[in-house]
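The values are calculated or read from the model by the stated rules, or taken from the named source; none is laboratory data. Please read these numbers as outputs of a predicted model, since none were measured by experiment. Using ideal geometry, Cβ is built from the backbone for each residue, glycine included, and neighbour counts are taken over all protein chains shown. Protein only, heavy atoms only, side chains kept; ligands, DNA and RNA dropped before computing areas. Shrake-Rupley method; radii C 1.70, N 1.55, O 1.52, S 1.80 Å.
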Amino acid sequence: DGTLFPRTAIHQSEHFPSTTKDQNKNKWLKQPCVYYDQSCTIYNQLRPQDCCDFKCKSLRKFSNGALKIDDLKERINKIKEQKARLYKLIPNATRERRLHEVFNDFLIQNKNLLKSPTFKKQYTQLFLEWVSYKSHLKQFW
């Protein structure tokens, strides 16, 4: 859904709709991609190789027995809950855009107010939630 990566590399031999090329002519899919609908909808079909190969840190721990399924589910649910809270805390945030983009735009739009004690107090909960969210994301790297 774009939480861990803003885009996925597409190998030259792969063909998927909605690919973009960067200045070096590398192909990629913006995340979440067109196949995402609350989860990947093409697990049983041809997927980009990078999607097939990627296993986050928590999934690797689960796969080798170092993490129980209930703990893995709890980690995932905690991140989902934090994302939902952050979307509510960031003014004018919409789920059509990646959370990182929305938060960065909020900072840019308020760059002149960031050091203001009033602004800091008004958005304390948002900033604390963001730091906690970023810390919890590290469990997946």
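Suppose every K and R has +1 on its Cβ and every D and E has -1 on its Cβ; what is the size of the dipole of the chain about the Cα centre, in Debye to the nearest 20?
With only Lys, Arg, Asp and Glu charged at Cβ, the dipole is about 440 debye.
So, in nm, how far is label PHE54 from label HIS15 when the simple model puts each one 7 Å beyond its Cα toward the Cβ?
With each label placed 7 Å out from Cα toward Cβ, I get 2.4 nm.
Please report the relative contact order for the stretch 56-141, taking Cα pairs under 8 Å with a sequence separation of at least 6, and give it as a percent rounded to a whole number.
Values: 43 pairs, mean separation 35.3, N = 86.
Taking the mean separation of contacting Cα pairs over the length of the stretch 56-141, I get 41 percent.
Consider the candidate values [x] 8.0; [y] 10.2; [z] 10.6; state which one is mean projected area of the Cα convex hull in nm² computed from the structure displayed.
Answer label, from the structure shown: [z].
State the percentage of accessible surface on the stretch 35-86 attributable to carbon and sulfur atoms; use a 1.4 Å probe and exclude ligands, DNA and RNA. List each step's numbers first, then the result.
Values: 1850 of 3760 Å².
That fraction is 49 percent.
Grab the Cα-Cα distance for GLU81 and SER116, subtract it from 0.36 nm times how many residues apart they are, and report the gain in nm with one decimal.
9.7 nm
Between the alpha-carbon centers of the stretch 1-29 and the stretch 51-96, tell me the distance in whole angstrom.
About 22 Å separates the Cα centre of the stretch 1-29 from the one of the stretch 51-96.
So, for the chain, what is the accessible surface per residue at a probe of 1.4 Å, expressed in square angstrom?
70 Å²
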